[in-house]
Amino acid sequence: MNLELTNHPASNGDAANCYYMGLDSGGTNTRAMLANIAGDICGVGFADSANPNHYPREKVCDNLQKAIRSALAETGKNARISSLFMGASGVSTLSDKDEMRSILRSLPEIEQTTKIRVENDTRIGLTGGLAGRPGIVLISGTGSACYGANDAGEQWLCGGWGAIADDIGSAPWIGTRALRAVVQAEDGRMPPTLLRKMVFDYLELQEPRQLIHRLHNEGLDRAEIGRLAPLVVEAFRQGDDAASKIIHDAAKGLSELLKATVDRLFGSSPCEMILVGGLALSGPPFQPLLMENIHNLTPNVTVRKPELAPVQGAVLEAMREAGIAWTDQILASLKLADLSQLQNKK
């Protein structure tokens, strides 16, 4: 991560047409952002997720191209992407990164001289959230993970193993636990729960055993399972014991991801941390419970509000790849961007 920063645009084009692109491909959508050397936002684009674990290569290509084209649309025909940094969910191994770079290289909008780097999306969440400072990002949304980087440049990723192995505290994890609670309550293996009616209504089941057909014949994807999470939060709000157990376990599990990362990178030293993801930032009653767990388990951590969106963090990383130092002017320009543009528009 220690690059020699020069604040000179890369040589593949003059400064007026030289741009830096950030890509944020999460579990549900892809955001693209284009900036000039001053950090001014020149274009944004949106598309569906480009997660390679959920979609075939052709679909990934289409969604990336759609987001990139939209971001480039307002810059003119001579615009050139000097460097591109992509933070991608579902990308963890070297082969994952190589495959995603190959996909990006295949797009006509990307020149062969464009510098490309692909990393897990936790990286851009941290870079954006703390505006480049060392610290930790804890993510809870369509997946869960904790990533940190310290002053020495050491990095650590905790969690992020996917829905089957872990993803504790994510929306699909909570949804899966709700399904288990419902069938156990139906069997009489645990007390009745408000989740029964909530889940059966959501799945439009006329009788309990239709759940088998709904799950194993019709199928229920991660996004659909994740949409059960707000129902669990609402049942928790109403005092349901089964929902309370699920939500408390989720908050505890997420705080344990954070503690493992803190212990690895910061020890007993103070550090900053940000929360990212729809569930982590959902407000009461889940977010206060999560904050309580974080304070109890990692008292040296200071939770901050994110300063920049993850896609803006990707822009900063694209500039870093091109040797552009993050000046106060660049950070100020990015912070002036209208964050309403970064919502889930398509």
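The values are calculated or read from the model by the stated rules, or taken from the named source; none is laboratory data. As the structure is a computational prediction, the values presented were derived from the model and not from experiment. Here Cβ is always computed from backbone atoms with ideal geometry, including for glycine, and neighbour counts include all displayed protein chains.
Overview of values
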{"item": "Meets criteria (buried (at least 22 other Cβ atoms within 10 Å of the Cβ) and under 21 Å from the mean Cα position of the chain (by Cα)) for residue 294", "result": "no"}
{"item": "Some residue of the range 93-100 being outside any helix (DSSP H, G or I) and within 23 Å of residue 222 (Cα to Cα)", "result": "yes"}
{"item": "Unique residue being surrounded by 14 or more Cβ atoms within 10 Å (Cβ to Cβ) and not assigned by TED's automatic domain parsing to the domain that holds residue 243 when the list is 170, 140", "result": "140"}
{"item": "Residue within the range 182-198 that is crowded, with 23+ Cβ neighbours inside 10 Å and of a type in the set (A, V, I, L, M) present", "result": "yes"}
{"item": "Qualifying position, being buried (at least 24 other Cβ atoms within 10 Å of the Cβ), among the polar types (S, T, N, Q) and either outside the structural domain of residue 199 (by TED's automatic domain parsing) or under 30 Å from residue 194 (Cβ atoms) (or both), among 329, 312", "result": "312"}
{"item": "Some residue of the range 216-236 being in contact (Cβ under 8 Å) with a residue 60 or more places away in the chain, more than 30 Å from residue 46 (Cβ to Cβ) and surrounded by fewer than 19 Cβ atoms within 10 Å (Cβ to Cβ)", "result": "no"}
{"item": "Complete set of residues in the range 44-83 that are assigned to a strand (DSSP E or B), closer than 16 Å to residue 105 by Cβ, of a type in the set (Gly, Ala, Ser) and out of contact with any Gly (no Cβ under 8 Å at 6 or more places or on another chain)", "result": "83"}
{"item": "Top-ranked residue of the range 316-346 - restricted to ones that are under 23 Å from residue 64 (Cβ atoms) and among the charged types (D, E, K, R), ranked as modelled with the lowest pLDDT", "result": "346"}
{"item": "Hey, residue 193 more than 26 Å from residue 27 (Cβ to Cβ), of a type in the set (Val, Ile, Thr) and at pLDDT 95 or above or not", "result": "yes"}
{"item": "Neighbours by Cβ (under 7 Å, 6+ apart or cross-chain): first from the range 289-310, free of Cβ contacts under 8 Å to residues at least 40 places away in the same chain; second surrounded by fewer than 15 Cβ atoms within 10 Å (Cβ to Cβ) and of a type in the set (Gly, Ala, Ser)", "result": "300/268; 300/269"}
{"item": "Any hit, the range 249-265, residues being among the aliphatic types (A, V, I, L, M), in contact with a strand residue (DSSP E or B) (Cβ under 6 Å, 6 or more places away or on another chain) and within 15 Å of residue 305 (Cβ to Cβ)", "result": "no"}
{"item": "Residue count for the range 93-131, restricted to those that are buried (at least 18 other Cβ atoms within 10 Å of the Cβ) and out of contact with any helix residue (DSSP H, G or I) (no Cβ under 6 Å at 6 or more places or on another chain)", "result": "12"}
{"item": "Flag for residue 118 being of a type outside the set (D, E, K, R) and at pLDDT below 90", "result": "no"}
{"item": "Unmet criterion (only one of (1) of a type outside the set (Gly, Ala, Ser); (2) in a loop (DSSP other than H, G, I, E, B); (3) outside the structural domain of residue 254 (by TED's automatic domain parsing)) for residue 284", "result": "(3)"}
